[in-house]
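Enquirer: Mind looking over this structure? Questions follow.
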Amino acid sequence: MPDRPEAIRRARNVDRVLAHLQAHGQATNVELVAIGGMRAGARIFELRKQGHVITSEHVTDGVWRFIYRGYVAPGQAALPLSA
């Protein structure tokens, strides 16, 4: 079980990643590392588990772009992915 300071830090990082994606619509994993720590992919995974719709596309070797599509509350129909 993670200690409390670790859980608080992780939650803050998730909040920062979400705020950036909502404000800018997209970000690469390189950008998100600067915002949400070294485990940006894990923060994206946590946001998806919460109901945030985030798609990803491969840009180049080791670089992925994450695109924020919105939020789907539990029990709602999924959002269309066309932009």
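Enquirer: Pull up the stretch 1-39, narrow it to residues that are at pLDDT 90 or above, β-branched (V, I, T) and assigned to a helix (DSSP H, G or I), then point me to the one that is surrounded by the most Cβ atoms within 10 Å (Cβ to Cβ).
Expert: Filtering first and then ranking leaves V17.
Enquirer: Looking only at residues that are under 24 Å from A34 (Cα atoms) and exposed (fewer than 10 other Cβ atoms within 10 Å of the Cβ) in the stretch 60-77, which one is nearest to the chain's Cα centre (by Cα)?
Expert: G62
Enquirer: For residues that are of a type outside the set (D, E, K, R) and either farther than 22 Å from A73 by Cβ or in contact with a Pro (Cβ under 6 Å, 6 or more places away or on another chain) (or both), tally how many sit in the stretch 21-55.
Expert: Qualifying residue count, the stretch 21-55: 16.
Enquirer: Can I ask one more? Select from the stretch 49-71 the residues that are among the small types (G, A, S) and outside any loop (DSSP other than H, G, I, E, B) and list them in ascending order.
Expert: Within the stretch 49-71, S56, G70 meet the criteria.
Enquirer: Could I ask something else about it? Pairs, please: C-beta under 7 Å, at least 6 apart or cross-chain, first residue on the phi > 0 side of the Ramachandran plot and in the stretch 45-60, second assigned to a strand (DSSP E or B) and not aliphatic (A, V, I, L, M)?
Expert: G51/Y71
The values are calculated or read from the model by the stated rules, or taken from the named source; none is laboratory data. Bear in mind that the values here come from a model prediction, so they are computed numbers and not experimental data. Glycine gets a Cβ as well: all are built from the backbone with ideal geometry, and neighbour counts include every protein chain shown.
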